[in-house]
1. Output the number of residues of region 172-211 satisfying the condition of being surrounded by fewer than 17 Cβ atoms within 10 Å (Cβ to Cβ) and part of a loop (DSSP other than H, G, I, E, B).
2. Where the second residue is among the acidic types (D, E) and outside any strand (DSSP E or B) and the first is closer than 24 Å to K104 by Cβ and lies in region 146-171, which pairs have Cβ atoms under 6 Å and are six or more apart or on separate chains?
3. Could you please find all residues in region 124-171 being surrounded by fewer than 18 Cβ atoms within 10 Å (Cβ to Cβ) and not acidic (D, E)?
4. Among the acidic types (D, E), assigned to a loop (DSSP other than H, G, I, E, B), under 26 Å from R122 (Cβ atoms) and modelled with pLDDT of 95 or more: is that true of D214 in this structure?
5. Would you please name the residue that is farthest from E176 (Cα to Cα), looking only at residues in region 78-109 that are surrounded by fewer than 16 Cβ atoms within 10 Å (Cβ to Cβ) and away from ligand 2 (no atom under 14 Å from the Cβ)?
6. I need every pair where a residue in region 63-85 that is aromatic (F, W, Y) has its Cβ under 8 Å from the Cβ of a residue that is buried (at least 18 other Cβ atoms within 10 Å of the Cβ), sequence separation at least 6 or different chains.
Amino acid sequence: MKPEERKPFSPGNEGDDEEGLVKQENEAPFDGFSEELLARRIEDQRDRRTFQKVFDAQTLDAVQALAQKGLFDVLEHIISTGKEAHVFVARDTNGNKRAVKIFKKETSDFRRMNDYIAGDIRFKGLPHDRRSLVLAWTRKEYKNLLIASKARLAVPLPLGFRENVLVMEFIGTGQEGSPRLKDIKPSKKELESYRSQITNFMAGLYLAGLVHADLSEYNILVELGPGRPVGKSTGCAKGKRIVMIDFAQGLLTRHPNARDFYERDVRNVANYFTKAGLPTSYEEMYTMVKERKEELTKGKR
Ligand SMILES: Nc1ncnc2c1ncn2[C@@H]1O[C@H](COP(=O)(O)OP(=O)(O)O)[C@@H](O)[C@H]1O
Ligand SMILES: [Mg+2]
């Protein structure tokens, strides 16, 4: 990418970008959990029960509104159940797959969320109740993904959000989605390619004004099979493409704790490669990202 094609990150404006926000007024309110609606939107019977147990009516209302917008048609089944969110694989009316991440309102770690949100000028003045925090968290993941996508980094394209529900591009070729870097055993050559892709990602994200703040082999997916190959256009060695996910905790580079989180990301990544068989010290990883940042800034590939 030539430097002039890079969309500059303009701190201060990102909070005004309301893409994905659906106006709540002027729409008929959803009147509670109806069996019919659950059956219409959630294909798997067991997942319907989980949904009923974990989520409130407002969440189903949001699912319904996003579906009516055409972002997806049905939630096929749950692919991940984490502390903070359930991730569903969904499909639209044309059979295209989507990932739908639904944040839990009750069980999330609110103290941790607050640590990341408190110093973020995009969320200044946010009320401290649980619902507001989870909604802000959802919105934050959407906005961070949008910033990363605009910088042409390898992340799922965010498609929309409402309340605590985020719809994004599905990464994977099969039903279960791409494996995490943690779940596979890459060859040395593959590790070299992944390291150069991650270096490129970390540098690009930093220049776009963001720090991931939870970067590790747990939040990196590897597109196996006929995924999009990397190569010239990314400035990386050829190989399988890796995609970074889980951006809710991502923060602006001018957040007061950004440096600590950035250094932790560098350390996690270096540790992963060392464990996986490509010894990489913290200093080496740090320097690789720094040099890549300089190259990108100069517009070199
Ligand atoms: N866009 C996506 N495409 C395919 N799978 C996804 C996508 N987003 C998340 N997943 C799956 O869901 C899991 C959890 O998602 P993540 O965003 O990391 O949430 P958590 O906060 O639970 O860690 C991932 O490890 C991955 O397996
Ligand atoms: Mg994760």
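The values are calculated or read from the model by the stated rules, or taken from the named source; none is laboratory data. Everything quoted here is computed from the prediction, not taken from an experiment. Cβ: placed from backbone, ideal geometry, glycine included. Neighbour counts: every protein chain shown.
1. Total meeting the criteria: 8.
2. L166/E141
3. Taking region 124-171 and keeping what is surrounded by fewer than 18 Cβ atoms within 10 Å (Cβ to Cβ), we get 124-132, 150, 152, 157, 169.
Listed by number, the residues that qualify are K124, G125, L126, P127, H128, R130, R131, S132, K150, R152, L157.
4. Values: among the acidic types (D, E): yes; assigned to a loop (DSSP other than H, G, I, E, B): yes; under 26 Å from R122 (Cβ atoms): yes; modelled with pLDDT of 95 or more: yes.
Here the answer is yes, as D214 does meet what is asked.
5. Filtering region 78-109 down to residues surrounded by fewer than 16 Cβ atoms within 10 Å (Cβ to Cβ) leaves 80-83, 93-96, 106-107, 109.
Retained after the next criterion (residues that are away from ligand 2 (no atom under 14 Å from the Cβ)): 93-96, 106-107.
Details: T93: 19, N94: 19, G95: 15, N96: 14, E106: 26, T107: 25 Å.
Among them, the one singled out is E106.
6. Once the first residue is aromatic (F, W, Y) and sits in region 63-85, its partners that are buried (at least 18 other Cβ atoms within 10 Å of the Cβ) give F72/L66; F72/A90; F72/R98; F72/V100; F72/V167.
Yes or no, residue by residue, for (1) crowded, with 18+ Cβ neighbours inside 10 Å; (2) among the β-branched types (V, I, T); (3) more than 13 Å from ligand 1 (Cβ to nearest atom); (4) modelled with pLDDT of 95 or more:
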{"site": "N219", "(1), (2), (3), (4)": "yes, no, no, yes"}
{"site": "E223", "(1), (2), (3), (4)": "yes, no, no, no"}
{"site": "G231", "(1), (2), (3), (4)": "no, no, yes, no"}
{"site": "T234", "(1), (2), (3), (4)": "yes, yes, yes, no"}
